[in-house]
Amino acid sequence: MHREAQISPENKNSLDFKKVMCRFCKSENVVKKGFRKTQRRGKQQRWLCRNCSRGFTIDKGFWKMKNPEHLVTMSLDQYYMNLSSRKVSSSLSNYLNNETTHQSILNWVRKYSQKVKPFTESLRLDLSGETYLDETEIKCKKKAGIFWSAIDGNTKYIVGYLYSHKSQNMKDAIKILKTIKDRQQTKFIQTDGLVHYPTAMKKMFYSNKVGGLTVDHIILNVRKTGKHNVKIERFFRNVKERTQLMYWFKSFRSANAILDGYVIWYNFIRVHMTLNQTPAEEAGFNIDLGKNKWRKLIETATYFKNYAP
């Protein structure tokens with residue numbers, strides 16, 4: 001059985017996969033050893049380690065996938081551009097003569113969101129610290145679920161998010177504030193008038209030395225001011241355009257994976273109309289993902305997971 005290779009990185013931003021190392025003994029004393037023929041993905045280069053005499057193929061994030069990379073990533077993009085999994089499947093069948101089921105599409109969405117998430121969450125980007133936090137209801141199993149999300153005001157980058165199957169509560173308010181605190185130097189956080197926020201802010205940002213909060217807390221009570229938390233509300237409208245097509249999520253685990261993928265798509269794949277680039281690029285993400293951004297992002301995430309120091 002052939003296993004995936006490990007790539008020895010010379011430069012963190014280099015993803016050319018030219019320097020191959022054996023995944024078993026870490027040796028770079030490897031040679032090409034023919035090809036592995038696949039039905040849909042064409043020929044896959046095989047390698048042989050001269051030290052341990054084991055064979056392997058290179059893992060770029062699509063190891064053991066039956067369908068070609070461009071088809072998988074196109075399906076991910078179409079799914080998050082508001083096509084249902086059934087419509088994506090129908091499109092593949094009608095135009096590419098591919099009979100991938102809608103369930104496989106959903107499996108790809110869940111699989112690759114979880115593959116990419118650890119990499120994107122490890123990034124420390126150049127954010128303004130001007131944070132807008134709010135929550136909205138997205139149903140799961142016909143019951144109320146709460147999606148908490150925080151956006152950076154300048155870059156439009158989603159700094160943190162949390163999906164809970166419970167109603168608004170103090171523990172979740174603290175969790176989302178902790179995520180924000182861990183990922184940036186925060187200047188201020190603007191929220192609505194939810195009663196949990198002031199107490200949660202004190203638990204996360206109160207300092208005895210300062211004698212108060214180390215981060216300004218701006219409360220925008222729509223009942224009193226008539227104003228909404230506009231910057232995050234726009235993101236919520238985009239999310240609900242996608243989730244309303246599903247009527248509701250069928251499981252909490254699936255809901256989290258799909259929302260993980262949506263945030264990744266919003267931050268790294270979708271070009272923001274105002275910025276003319278992705279929020280991640282606006283925040284200083286400097287790896288060129290090219291035209292097929294999903295594919296390059298998956299390759300990048302796999303590279304850093306397995307090979308980067």
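The values are calculated or read from the model by the stated rules, or taken from the named source; none is laboratory data. Since this is a predicted model, take the numbers as computed values, not measurements. FYI the Cβ positions are ideal-geometry reconstructions off the backbone, even for glycines, and counts take in every protein chain you see.
Scan the stretch 4-25 and tell me whether some residue there is at pLDDT 85 or above and of a type in the set (S, T, N, Q). No, the stretch 4-25 contains no residue that is at pLDDT 85 or above and of a type in the set (S, T, N, Q). Determine whether residue 106 is touching a residue at least 40 places away in the same chain (Cβ under 8 Å), under 24 Å from residue 149 (Cα atoms) and touching a strand residue (DSSP E or B) at 6+ places or on another chain (Cβ under 6 Å). Spelling it out, it is not the case that residue 106 is touching a residue at least 40 places away in the same chain (Cβ under 8 Å), under 24 Å from residue 149 (Cα atoms) and touching a strand residue (DSSP E or B) at 6+ places or on another chain (Cβ under 6 Å). Yes or no: the stretch 222-231 includes at least one residue that is under 21 Å from residue 162 (Cβ atoms), in contact with a Leu (Cβ under 7 Å, 6 or more places away or on another chain) and modelled with pLDDT under 90. Yes, some residue in the stretch 222-231 is under 21 Å from residue 162 (Cβ atoms), in contact with a Leu (Cβ under 7 Å, 6 or more places away or on another chain) and modelled with pLDDT under 90.
When residues in the stretch 129-145 are screened for being under 20 Å from residue 236 (Cβ atoms) and surrounded by fewer than 16 Cβ atoms within 10 Å (Cβ to Cβ), 3 of them pass. Of the candidates 302, 274, the single residue that is over 30 Å from residue 165 (Cβ atoms), of a type in the set (Ser, Thr, Tyr) and surrounded by 15 or more Cβ atoms within 10 Å (Cβ to Cβ) is 302.
Can you pull out the residues in the stretch 258-293 that are assigned to a loop (DSSP other than H, G, I, E, B), touching a Leu at 6+ places or on another chain (Cβ under 7 Å) and on the phi < 0 side of the Ramachandran plot? Within the stretch 258-293, 283, 285, 289 meet the criteria. Is there a residue being surrounded by 19 or more Cβ atoms within 10 Å (Cβ to Cβ), modelled with pLDDT of 95 or more, outside the structural domain of residue 162 (by TED's automatic domain parsing) and in contact with a Lys or Arg (Cβ under 7 Å, 6 or more places away or on another chain) anywhere in the stretch 259-271? The answer is no; no qualifying residue exists.
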